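Q: Questions regarding the structure given below will be posed in turn.
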Amino acid sequence: MYFTDDSLLPENQEKLIIKAAPWGPQWLPADYPEEVAVSWDDQVQRAVDCYNAGASVLHIHVRDPQTGKISKDFNEYRYLIGRLREAVPKMVLEVGGSISFAPSGDGEQAKWLGYDTRHMLTELDPKPDQITIAIGSIAMNIVDMSTEDDVRGTHLARPEVQAAYADMIAEAGPSFYLEHLKRLRANGIQPFFMLGHVHQLESVERLVRAGTYMGPVNHEIVAIGGGTAGRNPFDMMEYIRRSPHGSVMFMESWQRSTYPLCTAAIAFGMHVRVGIEDCIWGPRKGERMGTVKQIEFMARIAKELGRELATGDDARRIMKIGTWYESADETLFQLGLPPNRKGGRPGFLGYATDGKRHAPTLASDSHPLAD
């Protein structure tokens, strides 16, 4: 992102998109009974509550009411998405592309599901607006940055459960993401890029320059440690600095560092994700805080800074839901990135002009007027 003198003034910033992540695949219902929604009605009501609190994007997993665990049944995904479309028609619905990374049972490792299974998300009907996608395999050890306080009172405090999560890898090699991007476009579903650090962001730019991906770039730095960026604010700042000027960036962190990092992101004109998937605590040590209260917290910060909240319609406009581009050149231009080098052109590249300021073209009823 390129900051001008007036970029930090709220009247010049886009409205704040708050993304809600209320499912929390890593938690069991007993970890936070008043927050982990299990029945279908409770899961839908949680989405309604998030929307009413100020969230305009909903990050979706599906919890099986029979088991209380995150579902891997695509029929249940279809059912819940259908109900969410009716209950929160204005919200942008974003399905988590991992489906579920929680261990299936005691003694099993936490892991992402196979490529073929994740590809099936692109064929959901009713379809979501977005599906998250990782670009490049990466360690996703949420235990690495967790303190005893972070997991106190949850099953993640048990050593055997921590061991199950410690070796988790977000598997997303080229054989996955190249095919997945094709299927998403074919089915009219926008990818949402979940990236662990700036080098994965570089990979997205290479996909754009190659014409492999041609569309808006909505993305999130997943600063949860254990292979991804961590709590050092300079990780976030470098990611912001390297983000394409025409992209839309979200901030995500782990547990209580969510509050300072997301507060900074709001001030800098970025967008935020909150919810029990990332944090079950308030900013003060030992105080639990659920998804709706976290949304309200971010909404208060935005209000104090003079920044308006995005509605669902605003979020669709800002993230350009339903928009696709037809060439690498068009995508680069829309993202505010320099063009590809052509014909051995030397130096740092920009867009050619004649260096002159031209008067705007006069028109009437959408037709140009003759001189």
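Q: So, how do all the Cα-to-Cα distances of segment 102-241 break down into 10 Å bins, in percent, from 0 on up?
A: Per 10 Å bin, starting at zero, the Cα-Cα P(r) for segment 102-241 comes out as 11, 35, 33, 18, 2 percent.
Q: To continue, here is another question. Post the alpha-carbon centroid distance, segment 160-175 to segment 188-233, in whole angstrom.
A: One Cα centre to the other: 18 Å.
Q: Relative to the longest principal Cα axis of the chain, at what angle does helix 40-53 sit, 0 to 90 degrees, rounded to 10?
A: Approximately 50 degrees, to the nearest ten.
Q: Expected output is a single nm value to one decimal: the length gained when fully extending between R300 and E287, i.e. 0.36 nm times separation in residues minus the C-alpha distance. What is it?
A: Numbers: separation 13, 0.36 × 13 = 4.68 nm, distance 1.84 nm.
Full extension from R300 to E287 adds 2.8 nm.
Q: Okay, next question. Can you tell me how much longer the chain between E76 and E34 gets when fully stretched, taken as 0.36 nm per residue apart minus their C-alpha distance, in nm with one decimal? Could you put the intermediate results ahead of the total?
A: Numbers: separation 42, 0.36 × 42 = 15.12 nm, distance 2.25 nm.
Full-extension gain reported as 12.9 nm.
Q: Let me ask something else about it. Order by neighbour count: T117, T154, T331, fewest other Cβ atoms within 10 Å first, most last. Don't jump to the answer; show the numbers that get you there.
A: Working: T117 12, T154 17, T331 23.
Exposure proxy ranking, most exposed first: T117, T154, T331.
Q: Excluding residues fewer than 8 places away in the same chain, name every one of the lysines whose C-alpha is closer than 30 Å to that of K342.
A: Leaving aside lysines fewer than 8 places away in the same chain, those within reach of K342 are K182, K320, K356.
Q: Highest mean first, how do 272-279, 186-193 rank when packing is the count of other Cβ atoms within 10 Å averaged over residues?
A: Numbers: 272-279: 26.1, 186-193: 19.8.
For the peptides 272-279, 186-193, the packing ranking is 272-279, 186-193.
Q: Using 18 Å as the Cα-Cα cut-off, could you pick out the over-long pairs in K69/K293; K72/K293; K19/K90; K19/K293?
A: Values: K69/K293 23 Å; K72/K293 28 Å; K19/K90 13 Å; K19/K293 13 Å.
Going by Cα-Cα distance, K69/K293; K72/K293 fall outside the 18 Å limit.
Q: Okay, moving on. Relative to the first principal axis of the alpha-carbon coordinates of the chain, what is the inclination of helix 174-186, with its axis defined by its Cα atoms, in degrees from 0 to 90 and to the nearest 10?
A: Compared with the principal axis, the helix lies near 70 degrees.
Q: Calculate for the chain the 222 nm mean residue ellipticity that helices alone would give, adding -39,500 (n - 2.57) per DSSP H run of length 4 or more and normalising by residue count, nearest 500 deg cm²/dmol. Write out the running numbers ahead of the final one.
A: Details: 12 runs with 121 residues, N = 371.
Result for the chain: -9500 deg cm²/dmol, rounded to the nearest 500.
Q: Dividing the Cα radius of gyration by the Kirkwood radius, what Rg/Rh value follows for the chain? Don't skip to the end; give the middle numbers.
A: On the way: Rg = 21.2 Å, Rh = 21.5 Å.
That ratio equals 0.98.
Q: Got a sec? How would Y239, Y351 order by Cβ neighbour count within 10 Å, fewest to most? Display every interim value, and only then the final one.
A: On the way: Y239 24, Y351 9.
Going from sparsest to densest Cβ surroundings: Y351, Y239.
Q: Nothing charged except the Cβ atoms of Lys and Arg (+1) and of Asp and Glu (-1): what's the magnitude of the dipole of the chain about its Cα centre? Round to the nearest 20 debye.
A: On the way: 40 positive and 49 negative charges, 127 e Å.
In debye, rounded to 20, the chain gives about 620.
Q: Relative contact order for the chain: what is it in percent, counting Cα pairs under 8 Å that are at least 6 residues apart? Each step should come with its number before you reach the end.
A: Details: 671 pairs, mean separation 78.6, N = 371.
It rounds to 21 percent for the chain.
Q: On to the next question. For the pair L9 and D329, what calculated FRET efficiency results from E = 1/(1 + (r/R0)^6), where r is the Cβ-Cβ distance and R0 = 35 Å, to the nearest 0.05?
A: Efficiency, from the Cβ-Cβ distance: 0.60.
Q: Would you mind telling me the antiparallel percentage of the DSSP bridges in the chain, rounded to 5? Please report the intermediate quantities before stating the final value.
A: Values: 6 of 35 bridges.
Counting only bridges with both partners in the chain, antiparallel ones make up about 15 percent.
Q: Full-extension gain between R341 and V48, please, as 0.36 nm times their residue separation minus the C-alpha to C-alpha distance. Numbers along the way, then the final one.
A: Numbers: separation 293, 0.36 × 293 = 105.48 nm, distance 4.80 nm.
That pair, R341 and V48, stretches by 100.7 nm at full extension.
Bear in mind these aren't lab numbers, they're just calculated from the coordinates by the rules spelled out. Predicted, not measured: the structure shown is a model, and the values here were computed from it. Don't worry about glycine lacking a Cβ; one is built from the backbone with ideal geometry, like all the others, and counts go over all protein chains shown.
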